[in-house]
Amino acid sequence: MAKTATPWGPAELVEELKLAQTAGGKRFSSLVQLLEAKGGELLVRFAYATSGSARRGPVTLRARDLERLRAGLAEHPRLAEALGLKPP
């Protein structure tokens, strides 16, 4: 599993859902990541990626992107559970 830094210390990437998006002619991906911190605490991180690099900052999802997020959670059951959402 990939490791990542969080404000609560290092964590391992458990699941990741990528939503490819385009805005103003620019391509990027919104990411929803399930992370596991030391001691087993689960964290959910929302980020966006350009050129394959995750970046912090506001993540804006349109209504149609939320539908894709809900559908994508069917393949990421632990992430769906952490968000309190059941896959469709």
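The set of residues from the range 1-12 being exposed (fewer than 15 other Cβ atoms within 10 Å of the Cβ), in contact with a strand residue (DSSP E or B) (Cβ under 9 Å, 6 or more places away or on another chain) and not small (Gly, Ala, Ser) comprises Met1, Lys3, Thr6, Trp8, Pro10, Glu12. Scanning the range 28-41 for residues that are in a strand (DSSP E or B) and either free of Cβ contacts under 8 Å to residues at least 12 places away in the same chain or not hydrophobic (A, V, I, L, M, F, W, C) (or both) returns Ser29, Ser30, Gln33, Glu36. Checking Lys38, Lys26 one by one, the residue that is exposed (fewer than 12 other Cβ atoms within 10 Å of the Cβ), closer than 17 Å to Ala5 by Cβ, over 13 Å from the mean Cα position of the chain (by Cα) and charged (D, E, K, R) is Lys38 and no other. Out of the residues in the range 42-75 that are part of a loop (DSSP other than H, G, I, E, B) and either closer than 21 Å to Thr6 by Cα or out of contact with any strand residue (DSSP E or B) (no Cβ under 7 Å at 6 or more places or on another chain) (or both), state the one that is modelled with the highest pLDDT. Here the residue is Arg62.
The values are calculated or read from the model by the stated rules, or taken from the named source; none is laboratory data. The structure presented is a predicted model; accordingly, all values stated were derived computationally and were not measured. For neighbour counting, all protein chains shown are included, and Cβ atoms are generated from backbone atoms with ideal geometry for every residue, glycine included.
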